[in-house]
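Just so it is clear, none of the values below were taken in a lab; they were calculated from the coordinates. Bear in mind that the values here come from a model prediction, so they are computed numbers and not experimental data. Positions of Cβ are generated from backbone atoms using ideal geometry, with glycine treated the same way; all protein chains shown enter the neighbour counts.
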Amino acid sequence: MTSAPVDQQDSLAAWLSIRTTVPWPRWSGERAAAGPPAADGVRDYFTATRGDRDPEGTARVLTALDRALADAQEGRQLNFALLTGWQRYVLHRDPVGFRTLPAFAKGGRERYGLAADTAARFEQCLSQSTQPDLPLPSRAARTYLDVLFFHPFEDGNARAAMLALAFVLACDGACLDQAHPLQVTRWADDADGAADLAVLIGILISATQRRQRHRSPA
């Protein structure tokens, strides 16, 4: 939590106001290519961004990633209980629940409000991660941003967002062999930026599949 001006804009409200109007892009990607990728981009991302400064925390988030991917393979539905289960590993804390106060991020420049229905609205948003008429990259991008801007936990929300993204992709048999390009600041009121994130995820999925095919024996 970070102190901020009382009259600061509610970034969660800003995200919810544009969420249904984001110009999500079309995607003509294919189903996952046969065989595993040469690298696990999300795993490499966590290791590179946290490994040296927090080896124990890195081990915990990698355990959470393993659990998230196993949940995807088992056909689990994304909901807050599932997300909380991963976050217990990340934070090494139990119980883990929805935050009870407004949250702040980006050095206090974004405030995420809290109302009586915030947790229920987050649950509803998570349930839309399988929306059939929205392409996979857009569903993954929207879920990632939902976690960032609802900011449901007292700590570790960026890690939770990346875990949720990996889960949504894995549910469709997709993965990324590079995730570092996703490490860009996202703003709650930026509809075009949300669409651009979906474009980027689509490019990364397609690039991963292309490299998988090139590695596969003829």
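Annotations
- In this simple spin-label approximation, Gln124 and Asp44 carry label points 7 Å from Cα along the Cα→Cβ vector, and these lie 4.0 nm apart.
- Highest mean packing first, where packing is the average number of other Cβ atoms within 10 Å per residue, the peptides 97-108, 198-209, 150-161 line up as 150-161, 198-209, 97-108.
- Label point 7 Å beyond Cα of Ala81 along Cβ direction - residues of the range 123-164 with amide nitrogen under 15 Å: 123-124, 127
- Residue-span extension gain [Ala158 to Glu56] - 0.36 nm each, minus C-alpha spacing: 35.0 nm
- Ser17-His214 pseudo-label distance in nm [points 7 Å out on the Cα-to-Cβ vector]: 4.5
- Each of Asp146, Asp71, Asp189 was scored by other Cβ atoms within 10 Å of its Cβ. Arranged with the fewest first, they read Asp189, Asp71, Asp146.
- 10 Å beta-carbon shell around Ala166, net charge (K/R +1, D/E -1): 0
- Residue exposure proxy: Leu176, Leu62, ordered by other Cβ atoms within 10 angstrom of their Cβ from fewest to most, comes out as Leu62, Leu176.
- In terms of its C-alpha gyration tensor, the range 72-191 comes out rounded, because the ratio a/c of the largest to the smallest axis stays below 1.5.
- A straight chain from Thr100 to Gln8 at 0.36 nm per residue would run longer than the Cα-Cα distance by 31.3 nm.
- Answer label for Kirkwood radius over Cα pairs in Å (calculated), chosen among [x] 17.7; [y] 16.8; [z] 19.2: [x]
- Counting every other Cβ atom within 10 Å of each residue's Cβ, Glu110, Glu123 order from fewest to most as Glu123, Glu110.
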